[in-house]
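This report concerns only the one structure given below.
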Amino acid sequence: MTTYANEFHALSETLYHWSVYVPDLKCEIGCTALKVGSGWAIVDPVPLAEAAWEDLLALAPVRAILLTNGNHVRNAVELRKQHKVPVVTAPDTRRDISELKPEITLLPNELLYGIAAIAIPGATPGEAAFFSNTGVMVIGDAVINTNLETGLELLPDKYCTNAEQNRASLRKLLDFDFHTLTFAHGAPVTTQAKEKLSALLNSQS
């Protein structure tokens, strides 16, 4: 049975987010929609209730589907077929996906609609983050924000391919100029996001 999010939240005019709790996974899964030029880039697509989806499409059409790792295909197959848009991944992510064949592979320093893919080796297999030139960094599993009391947390070591490498890889994100973080698991951070990520990584050294 497919679980749908009932509504989305506008974090800005160019950034929307929605999430839903999935009992089978025992966790909340989140989706980010980035307004890029004339449409939406949907990152790690979570099914959205029909009425909410219609509201989103009334603002702009879907232009691309981006996946941060092979575990986040979610309803990408359905969206790709319905909207005839490409699925976009980093090279390592592409190799870790079995459900579909991505149409676009973003190499280092390549941009699509002002979005770059940044490989995060050491987290889950094929992990990547996406940076938008609107100042948003989208993270898959490498960092989570599921507990508002404790704040940002690294992906637990038991889920990492190499926990130490994950921490080192995440430091590359600090080279980018972002003010907002969104996640596949947890609430977005819309204030001092870069400073909070830096503090998390410094606390692990």
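A few points about this structure:
- Matching residues in the stretch 63-78 - criterion: being farther than 18 Å from THR105 by Cα and touching a strand residue (DSSP E or B) at 6+ places or on another chain (Cβ under 8 Å): ARG74
- Positions within the stretch 119-144 being closer than 14 Å to ALA193 by Cα, open to solvent by 10 Å² or more (accessible area, probe 1.4 Å) and of a type outside the set (Phe, Trp, Tyr), in sequence order: THR134, ILE144
- From the options ALA116, ALA51, ALA58, residue that is among the small types (Gly, Ala, Ser) and open to solvent by less than 40 Å² (accessible area, probe 1.4 Å): ALA116
- Scope the stretch 192-205; condition at pLDDT 95 or above and either assigned to a loop (DSSP other than H, G, I, E, B) or of a type in the set (Val, Ile, Thr) (or both); matching residues: GLN192
- Long-range neighbours under 9 Å by Cβ, at least six apart or interchain, first residue under 21 Å from LEU148 (Cβ atoms) and at pLDDT 95 or above within the stretch 170-190, second surrounded by 16 or more Cβ atoms within 10 Å (Cβ to Cβ) and of a type in the set (Phe, Trp, Tyr): PHE178/PHE131; VAL189/PHE183
- Considering ASP44, ASP24, the condition of being surrounded by 14 or more Cβ atoms within 10 Å (Cβ to Cβ) and either out of contact with any His (no Cβ under 8 Å at 6 or more places or on another chain) or in contact (Cβ under 8 Å) with a residue 60 or more places away in the chain (or both) is satisfied by ASP44 alone.
- Residue count for the stretch 92-106, restricted to those that are modelled with pLDDT under 95 and open to solvent by 10 Å² or more (accessible area, probe 1.4 Å): 9.
- Residues being farther than 21 Å from PRO156 by Cα and either hydrophobic (A, V, I, L, M, F, W, C) or in contact with a Gly (Cβ under 8 Å, 6 or more places away or on another chain) (or both) are entirely absent from the stretch 122-129.
- Residues in the stretch 122-168 that are in a loop (DSSP other than H, G, I, E, B), in contact with a helix residue (DSSP H, G or I) (Cβ under 9 Å, 6 or more places away or on another chain) and without any contact (Cβ under 8 Å) to a residue 12 or more places away in the chain: PRO156 alone.
- Residue under evaluation ASP96, criteria (1) under 15 Å from the mean Cα position of the chain (by Cα); (2) within 11 Å of THR68 (Cα to Cα), criterion not met: (1)
- With respect to being modelled with pLDDT of 95 or more and in contact with a Leu (Cβ under 9 Å, 6 or more places away or on another chain), LEU66 fits the description.
The values are calculated or read from the model by the stated rules, or taken from the named source; none is laboratory data. Treat the numbers as computed from the prediction; the structure is a model and nothing was measured. Please note: Cβ atoms are built from the backbone with ideal geometry, for glycine as well, and neighbour counts cover all protein chains shown. Side chains are part of the model used for accessible areas, which takes the heavy atoms of the whole protein and leaves out ligands, DNA and RNA. Shrake-Rupley method; radii C 1.70, N 1.55, O 1.52, S 1.80 Å.
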